[in-house]
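**Student:** Okay, handing you the structure first.
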Amino acid sequence: MAATKRLTADALAEALMQRTGHAFADRQRLQRALTHASARSTHAGVDYERFEFLGDRVLGLVVADMLLAAFPDAAEGELSLRLNALVNAEALSEIAEEIGLPELIRAGSDVRGLDGRKRVNLRADALESLIAVLYLDGGLEAARAFIHKFWQPRSLAIGAARRDAKTELQEWAHQAAAGAMPAYRIDGREGPDHDPLFTVSVKVGQFAPAIGSGRSKREAEQAAAAALLMREGVWVASAQKSESIFGEHDA
């Protein structure tokens, strides 16, 4: 994320009104929500992280409600997979990029140079913060209008949902490895407590282990399971049949 000019609270509110369609009443709160901890003094508070927490819950509620209406015959398992595909860090990062949010985030120089997974997480967190402010400033309807605009087309574009990666791997292992159970191991954990990154490996019988990472142990395990399935060709054939766009980040 390249260095950007720091906007005043009024200029930031104007820029985000064009992107979200909402006129923000509390512009100072909006500015706090898009100011990363790296750009704040040590005594300035932790609003950014608190906004992420709230925005994550609002997003999950609205997307879950949207999926229930869009897929009235879908089972809980399929709905969960669709939900995960729409609210994971990769999806949020893509939407943040689509609306030009990264250029509006205030962050320290050490954070602006991030790349890879950490950059994805930063953009996802900023989008969650923005959703929280939409909710606090305009209520659930303001947040819902924004979420529907950018998430609904994605929800309808997703084809037949693939099964949970760990479940798929367990069933495949039973057939391909004479009943062997997948063995997961936590190989590493880095980052602060509010934004950890776990690395997990999974091994099945005599097959070489596969590695995955995620913001929780479960997400990392799912990523590792998906990586093994993709490497062994299990999900290549499945993708051709289902036309799923979940890719390696199904879970």
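**Student:** So which residues in region 136-167 are at pLDDT 85 or above and acidic (D, E)?
**Tutor:** The answer is D137, E141.
**Student:** Of all residues in region 43-96, which are aliphatic (A, V, I, L, M), over 28 Å from L30 (Cβ atoms) and in a helix (DSSP H, G or I)? Lay out the reasoning, then the answer.
**Tutor:** Taking region 43-96 and keeping what is aliphatic (A, V, I, L, M), we get 44, 46, 54, 58-59, 61-64, 66-70, 74-75, 79, 81, 83, 85-87, 89, 91-92, 95-96.
The next check asks that each one be over 28 Å from L30 (Cβ atoms); those that pass are 67-70, 74-75, 79, 81, 85.
Correct list: L67, L68, A69, A70, L79, L81, A85.
**Student:** A follow-up question, please. Which count do you get for residues in region 212-222 that are under 17 Å from A173 (Cβ atoms) and either at pLDDT below 90 or in a strand (DSSP E or B) (or both)? First the steps, then the outcome.
**Tutor:** Residues of region 212-222 that are under 17 Å from A173 (Cβ atoms), as a first pass: 212, 221-222.
Narrowing further to those that are either at pLDDT below 90 or in a strand (DSSP E or B) (or both): 212, 222.
Residues that pass the stated criteria total 2.
**Student:** Moving on. Test H22 against the stated conditions and say whether it is at pLDDT below 90, touching a Gly at 6+ places or on another chain (Cβ under 8 Å) and either surrounded by 15 or more Cβ atoms within 10 Å (Cβ to Cβ) or within 24 Å of P192 (Cα to Cα) (or both). First the steps, then the outcome.
**Tutor:** On the way: at pLDDT below 90: no; touching a Gly at 6+ places or on another chain (Cβ under 8 Å): yes; either surrounded by 15 or more Cβ atoms within 10 Å (Cβ to Cβ) or within 24 Å of P192 (Cα to Cα) (or both): yes.
For H22, the condition - at pLDDT below 90, touching a Gly at 6+ places or on another chain (Cβ under 8 Å) and either surrounded by 15 or more Cβ atoms within 10 Å (Cβ to Cβ) or within 24 Å of P192 (Cα to Cα) (or both) - is not met.
**Student:** Which one of G205, G138, G212 is more than 30 Å from L67 (Cβ to Cβ), open to solvent by less than 60 Å² (accessible area, probe 1.4 Å) and not polar (S, T, N, Q)?
**Tutor:** Working: G138 fails: more than 30 Å from L67 (Cβ to Cβ); G212 fails: more than 30 Å from L67 (Cβ to Cβ).
Sole residue among the options that is more than 30 Å from L67 (Cβ to Cβ), open to solvent by less than 60 Å² (accessible area, probe 1.4 Å) and not polar (S, T, N, Q): G205.
**Student:** Do we have I131 as within 21 Å of A11 (Cα to Cα), open to solvent by less than 10 Å² (accessible area, probe 1.4 Å) and modelled with pLDDT of 90 or more here? Walk me through it before giving the result.
**Tutor:** On the way: within 21 Å of A11 (Cα to Cα): yes; open to solvent by less than 10 Å² (accessible area, probe 1.4 Å): yes; modelled with pLDDT of 90 or more: yes.
Here the answer is yes, as I131 does meet what is asked.
**Student:** Oh, and also: Filter region 57-72 down to residues that are open to solvent by 80 Å² or more (accessible area, probe 1.4 Å) and among the charged types (D, E, K, R), then give me how many there are.
**Tutor:** Going through region 57-72 one residue at a time, the tally reaches 1.
**Student:** Need pairs with beta-carbon distance below 7 Å; first residue among the small types (G, A, S) and within region 25-46, second at pLDDT 90 or above; sequence gap 6+ or separate chains.
**Tutor:** Taking only residues 6 or more apart or on different chains, the pairs are A25/D137; A33/F51; A33/S129; A33/L130; A33/A132; A33/V133.
The values are calculated or read from the model by the stated rules, or taken from the named source; none is laboratory data. All figures in this text were calculated on a predicted structure; none of them were measured in a lab. We place every Cβ from the backbone using ideal geometry, glycine too, and count neighbours over all the protein chains shown. Protein only, heavy atoms only, side chains kept; ligands, DNA and RNA dropped before computing areas. Shrake-Rupley method; radii C 1.70, N 1.55, O 1.52, S 1.80 Å.
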